[in-house]
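Below you'll find the structure, written out as structure tokens, and then a few comments.
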Amino acid sequence: MYDFKPAAPLPAQELYRELLASAGALTEGEPDGVANMANVAALLWEFLPDLNWAGFYRVAPAKAGGVDELVLGPFVGRPACIRIPFGSGVCGAAAASGATQLVEDVHAFPGHIACDAASASELVVPVLHDGRVIAVIDLDSPTPARFTEADAKGVEALAVLLSDRI
Ligand code: SME
């Protein structure tokens, strides 16, 4: 039986250290990226309090004449928009720029895509492989300004771990 969740509330640094260790153990040696994303989405949901969505969007190459887009991957939470063009919303901004998006108030973010009306703040971290964005990790919270720089750093470390595991 797996019991991958913190035994008690932890300070951010320790929380992310445990989360990373669990993600490393669960994905080590497993070549199936979908299985790894599914388990990591579940871990994020177990470890991080006050979320209403945690999961992945993967990069889908552009069809002829189109732009690259993100397509929904494994997640925990309510059903969500399936395809997001690069540059659209918080996820599309992270994918297009390759930079973490830490958004305290999603309603103030130009082009924010509301999949769940309850979402108030959001953290999106790109996953890079060989210098290219291959996916983004998306976290949503019903609490304004839920995410901090410590969350951004922790999820960025997770993205590095997953670079060749998804
Ligand atoms: N809010 C995101 C869309 C994805 S959902 O939050 C799951 C965005 O603006 O890109």
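So for segment 116-131 (the condition being near the ligand (Cβ under 9 Å from one of its atoms), within 16 Å of the chain's Cα centre (by Cα) and in a loop (DSSP other than H, G, I, E, B)), does at least one residue qualify? Yes, there is a match, as at least one residue in segment 116-131 is near the ligand (Cβ under 9 Å from one of its atoms), within 16 Å of the chain's Cα centre (by Cα) and in a loop (DSSP other than H, G, I, E, B). Look at residue 10 and say whether it is on the phi < 0 side of the Ramachandran plot, modelled with pLDDT of 95 or more and either surrounded by fewer than 19 Cβ atoms within 10 Å (Cβ to Cβ) or of a type outside the set (Gly, Ala, Ser) (or both). The answer is no for residue 10. Here residue 10 clears all of (1) under 27 Å from residue 118 (Cα atoms); (2) within 16 Å of the ligand (Cβ to nearest atom) except the condition numbered (2).
Among the strands (runs of 3 or more DSSP E) confined to segment 20-105, the ones with at least 3 residues that are among the aromatic types (Phe, Trp, Tyr) and either under 16 Å from residue 134 (Cα atoms) or touching a Cys at 6+ places or on another chain (Cβ under 8 Å) (or both) are located at 53-60. The single condition among (1) under 14 Å from the mean Cα position of the chain (by Cα); (2) buried (at least 23 other Cβ atoms within 10 Å of the Cβ); (3) within 15 Å of the ligand (Cβ to nearest atom) that residue 102 does not meet is (2). Of all residues in segment 109-130, those being modelled with pLDDT of 95 or more and not charged (D, E, K, R) number 9.
Examine segment 152-161 for a residue that is farther than 21 Å from residue 15 by Cα and not hydrophobic (A, V, I, L, M, F, W, C), and state whether such a residue exists.
Residues of segment 152-161 farther than 21 Å from residue 15 by Cα: none.
Scanning segment 152-161, I find no residue that is farther than 21 Å from residue 15 by Cα and not hydrophobic (A, V, I, L, M, F, W, C), so the answer is no.
In the condition set (1) within 28 Å of residue 3 (Cβ to Cβ); (2) touching a helix residue (DSSP H, G or I) at 6+ places or on another chain (Cβ under 6 Å); (3) polar (S, T, N, Q), residue 141 is compliant with all but (2).
Counting only residues that are within 15 Å of the chain's Cα centre (by Cα) and away from the ligand (no atom under 11 Å from the Cβ), which one in segment 138-148 is surrounded by the fewest Cβ atoms within 10 Å (Cβ to Cβ)?
Initially, segment 138-148 is screened for residues within 15 Å of the chain's Cα centre (by Cα), giving 138-141, 146-148.
The next check asks that each one be away from the ligand (no atom under 11 Å from the Cβ); those that pass are 146-148.
Values: 146: 21, 147: 25, 148: 13.
It comes out as 148.
Against the list (1) over 25 Å from residue 148 (Cβ atoms); (2) part of a loop (DSSP other than H, G, I, E, B); (3) touching a helix residue (DSSP H, G or I) at 6+ places or on another chain (Cβ under 6 Å), the condition residue 111 fails is (1).
The values are calculated or read from the model by the stated rules, or taken from the named source; none is laboratory data. The shown structure was predicted, so the numbers you read here are calculated from the model rather than taken from an experiment. Please note: Cβ atoms are built from the backbone with ideal geometry, for glycine as well, and neighbour counts cover all protein chains shown.
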